[in-house]
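Pasting in a structure now, in structure tokens, and then I'll have a few things to ask.
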Amino acid sequence: MTRPNWLKSRWTQFPPSRAFCLAALVAGVVVPLFAALLIAQAPRRASTSPLEAVTRALIEGRYDEVDALSEKLDARDPGVVALKARAAIARGRYAEAESVLRPVATRAPASEAALELGLLEQMLGRAGATVTLERVAAPRDRAVQAEGLARSARALRALGRFQESNAAYRDAAAAAPADAAINTAWGELFLEKYNKPEALKSFQAVLQRDPRWTPALLGSARTLADENPPQAISVAKRALEINPSYVDAHVFLASQAVDADHRDEARQLLEKALAVNPSSLETHAWLAALDYVEDKEKDFEAEVAKALAVSPSYGEVYRVAGELAARNYRFDEAVVLARRALTLTPSDPHVLADLGMHLLRTGDEPGARAAIERSLDLDPFDDIVRKNLLSMMDTLDKFETVRDGDLVFRLSKDEASVLKEQAVALAHQALTTLSARYEFTPRGPILIEIFPRHDDFAVRNVGLPGMIGALGACFGRVVTMDSPKARPPGSFQWEATLWHELAHVITIQMSNQRVPRWLTEGISVYEEKRARPEWGREADVDFAQRLNRGETLKLRDLNEAFTSPKSISLAYFQASLLVDQLVTTFGEAGLRKLLRTYALGLDTDAALKTALNTDFDRLQIGFDQSVERTFGSMRRAFAGDDDQKLAAMPLPELKSYTADHAGSYPAQMALGRALRKNAEPDEAMRAFERAASLVPVATGLNSPHAQMAQIALEKKDRARAITELQAFIESDFNSVDAARELASLLKQAGADDPARLGPVYERIIAIDPFDGAAHTMLGRFAMQRNQPEVASREFRAVLALGPVDRAVAHTDLAESYFKSGKRDDAKKQTIAALEIAPTYERAQDLLLKLTEGRP
């Protein structure tokens, strides 16, 4: 489960939580693919030879035509035999394919037919596959033709010799740069090894010359699947338009349907695949995986049996089930399934890598390291994901571990002394509050890892840097997140992120890992707003504007919306509104009942009916009415001309327009800006006042209260500036600069009341816990309120941040210890202060009290 950064993610966003987006690759992936698709309607090139005609019939799924055309060619030609066999394999006629391939492979052991035989033997789990493939791979150094180089490359890839395969593909592509099959196969190698930009280059090179080359279309779809699922689906459907019998495309689209929680659609796609190839191992694996996550144990075992009847060592059937279980938050079960896969293929580096990732998500980092290291030993290819994970775990090994009851925090040593007390206290508060509200105590220990580098956080979750829009992730008993230092102060709410992810701990465990994403994310965002209303205000204005544009989501589309970069931020917000409606309509008891109903393994329609006797259609009616009540006035305030048109109006025309549209927020804001630019600050102030009355929760530096604060400061009206800044930070939680400005103005005004100043400094610390001056002030306020323990916590943070005047900081801490009766600790700190500044009177006086035993 990921928490989005509302400021950064319109798009941004992952998954477990899901929808993990490799945003670092977007620039290299999305744009080139789109360019390739723009030319994908180019006319098809005519075939230039009978063999090309057979190849074309094969990749377009005209398998009977392959058989007919092959009869007209040389039946002894290994290339012809291989094409005929591939058509049989595509339809699951494995014995038939083997019967035509084996004699030719015996006669020509380095031929295309021998390669196809080796690949078939490998798929079926035959012992002789390695020998057959090694014979094909062996001539690589002697091969001078592109066709021979590519054949060796495919064999080497199948043997797991990826570096050699890559080199062979490079030579083959250099010898035949326009060959579609070579470039596609090379792209597939890059894709397997997580080098998506290079994979796209290969697929794009093919599609520019031949937009109907279906394997390149599907390769492009697979490359884009994480970054832009809707576009990936569109590309895969294009491949199916050309080749309706393309089993791999059906399976790919089924996997995307599963991600969108369209399981019936996924099953229909998989049945279409089986209609083409009843023995498709990948199709049976996906059907088994679906049965598994739907708790159909007998059906799962039956599909496993079907796959193993075809290939007795097909561990992939368990690996795929484990992968889907993990995508449904069932990480402990994913570990079990990966281990079952290893009983069939003990040396499969892919399964070991998956096992390592699953173990990471259960908190077993030593086990994860062992699995990933073993995977790399077996496959030392430069796999960026596995190497990233090991490097990240090396970093984690240097973190400080803080244990407090069932909570285990892993914090960077540079941050731990400041962050641990604040984060641990907040986590306990969240879990205590949420456990009571949901009447559920989560199973521990709960591991919380906070990363000062965002890319380390991203690698911890998905193995690759990126995930630009994600701030945190939850895996049931493991929470990972950015630390406040991972992003500039004020760019995200780290406390809200921690609260959000701990709400996931409750909902995931309470539903026995079966809660749908719309509900768990909706509850987490909803609980943020319940904890601190200002945590959730950033999205209100955006939602009201979307309402005007008709861009909101239907409730039935919520879960699918989490898979799209265009709709994911909206999905988070609308899901929280739906949860609010559920609580309003059915009470907190109803929400708890719904979560527990999911634990029975029911899908959403059945769960809503069983728990609440409702469905999305009925909920939609109440939802629309609730949204209009809550956002109607704000929505209407945003109606009318857009900012660009308003900004272009001359001031007299704008004044007239605004007079006629007094309820238009954009008009009032445009008028205020224009008046301010025209040196009419008092009139501008009145326009901004009207705007603030229309949209009180506006945030950002261009919001009404921020603009009025700036005008007041320019006029040196300190009292008005204080008023406006206070109003501003009530709505805009993130603006640390505004909070610091407010604190400075209050001090200039002579304010010394902790009740007035304290909340301002608390806001600063909530945004930037590494602000030493704010910690100092909070510590001194605590001393005034006779709360020495609280003061000690603040003063310890000050010392950890390396203050300029360390003697003062040591003395502050010493006085807090003295007041709480910790005389030995007080003496240590006092001596430390005097070692720095021997004549510092505060420290001298305190040491005298300590020495003489005075209170």
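How would you order 311-321, 173-183 from highest to lowest mean count of nearby Cβ atoms within 10 Å?
Top of the packing list down: 311-321, 173-183.
For the chain, give the magnitude of the charge dipole about the Cα centre (Cβ charges: +1 Lys/Arg, -1 Asp/Glu; no others), in debye to the nearest 20.
260
Hey, how many Å between the Cα centroid of the stretch 348-399 and the Cα centroid of the stretch 764-820?
41
Let a ≥ b ≥ c be the square roots of the eigenvalues of the Cα gyration tensor of the stretch 319-416; is it rounded (a/c under 1.5), or, if not, prolate (a/b larger than b/c) or oblate?
It comes out oblate by the Cα gyration axes.
With each label point set 7 Å from Cα along the Cα-Cβ vector, what nm distance links Ala127 and Arg636?
Going by the 7 Å Cα→Cβ label model, 8.2 nm.
Let me ask something additional. For the chain, with the dipole built from +1 on Lys and Arg beta-carbon atoms and -1 on Asp and Glu ones, taken about the Cα centre, which of Phe381, Val304, Ala257 lies farthest toward the positive end?
Phe381
If you take every residue apart from Glu188 with its C-beta less than 13 Å away from the C-beta of Glu188, what net charge results, scoring Lys and Arg +1 and Asp and Glu -1?
+3
Determine, from the Cβ-Cβ distance of Lys593 and Lys72 and an R0 of 56 Å, the FRET efficiency 1/(1 + (r/R0)^6), rounded to the nearest 0.05.
0.25
Pull out the extension gain between Glu683 and Glu730, defined as 0.36 nm times the separation in residues minus the alpha carbon to alpha carbon distance; nm, one decimal. Let's see the in-between values first.
Details: separation 47, 0.36 × 47 = 16.92 nm, distance 2.45 nm.
Full-extension gain reported as 14.5 nm.
Moving on to the next point. State which entries of Lys554/Lys609; Lys196/Lys296; Lys398/Lys485 exceed 25 angstrom in Cα-Cα distance in the structure shown.
With Cα atoms farther than 25 Å apart: Lys196/Lys296.
Residue-wise, which Karplus ³J(HN,Hα) couplings in Hz belong to the stretch 649-665, taking 6.51 cos²θ - 1.76 cosθ + 1.60, θ = phi - 60°, and x for glycine or proline?
6, x, 4, x, 5, 5, 4, 5, 4, 5, 5, 7, 10, 4, x, 9, 4
So how strong a dipole does the stretch 730-855 carry about its Cα centre when Lys and Arg Cβ are +1 and Asp and Glu Cβ are -1, to the nearest 20 debye?
Taking the Cα centre of the stretch 730-855 as origin, the dipole is about 500 debye.
Next question. For the modelled label position 7 Å from the Cα of Lys237 along Cα-to-Cβ, which residues of the stretch 566-609 have backbone nitrogen atoms closer than 11 Å?
Taking a point 7 Å out along Cα→Cβ of Lys237, no residue of the stretch 566-609 has its backbone N under 11 Å.
Sticking with this one: To make sure I understand the rule: partners must be lysines, Cα under 19 Å from the Cα of Lys715, and not fewer than 8 residues away in the same chain. Which ones qualify?
Lys677, Lys747
Probe radius 1.4 Å, ligands and nucleic acids ignored: give me the carbon and sulfur share of the accessible area of the chain as a rounded percent.
On the way: 17660 of 34500 Å².
Roughly 51 percent of what the probe reaches on the chain is carbon or sulfur.
Now, a different point. So how do 581-587, 767-773, 323-329 stack up, highest first, on mean other-Cβ count within 10 Å?
323-329, 767-773, 581-587
When ligands, DNA and RNA are left out and all protein chains stay put, how many square angstrom of accessible area per residue does the stretch 178-271 have with a 1.4 Å probe?
For the stretch 178-271, the solvent-accessible area averages 33 Å² per residue.
Mind checking which lysines have their C-alpha under 24 Å from Lys828, skipping anything on the same chain fewer than 8 residues away?
Lys413, Lys420, Lys819, Lys849
Along the Cα→Cβ direction, 7 angstrom out, place labels at Arg842 and Gln748. What is the inter-label distance in nm?
Between Arg842 and Gln748, the simple spin-label model gives 2.5 nm.
Counting only heavy atoms of protein chains, what accessible area per residue, in Å², does the stretch 290-375 have with a probe of 1.4 Å?
Per residue, the stretch 290-375 has an accessible area of 37 Å².
Determine the dipole magnitude for the stretch 566-617: charges of +1 sit on the beta-carbon of Lys and Arg, -1 on that of Asp and Glu, nothing else is charged, the reference point is the Cα centre, and the result goes in debye to the nearest 20.
Magnitude of the dipole: close to 160 debye.
Could you pull out every one of the lysines with an alpha carbon less than 20 Å from that of Lys529, ignoring same-chain neighbours closer than 8 positions?
Result set, ordered by chain and number: Lys8.
A further question follows. At 222 nm, what value in deg cm²/dmol follows for the chain if DSSP H runs of at least 4 each add -39500 (n - 2.57) and the sum is divided by all its residues, to the nearest 500?
On the way: 44 runs with 586 residues, N = 855.
One gets -22000 deg cm²/dmol as the mean residue ellipticity at 222 nm.
Order these peptides, 734-742, 370-378, by their mean beta-carbon neighbour count within 10 angstrom, highest first.
Sorting 734-742, 370-378 by mean packing, highest first, produces 734-742, 370-378.
So how far, in whole Å, is the C-alpha centre of the stretch 279-293 from the one of the stretch 195-247?
23
With a cap of 16 neighbouring Cβ atoms within 10 Å, and only residues DSSP puts in a loop, list the GluC sites (Glu not before Pro) found in the stretch 537-601.
Sparse-neighbourhood loop GluC sites (Glu not before Pro): Glu551.
The values are calculated or read from the model by the stated rules, or taken from the named source; none is laboratory data. Computed from a prediction, not measured in an experiment: that's the story for all the values here. So basically every Cβ, Gly included, is an ideal-geometry build from the backbone, and we count neighbours across all protein chains shown. The area values use the complete protein model at the heavy-atom level, side chains included, leaving out ligands, DNA and RNA. Shrake-Rupley method; radii C 1.70, N 1.55, O 1.52, S 1.80 Å.
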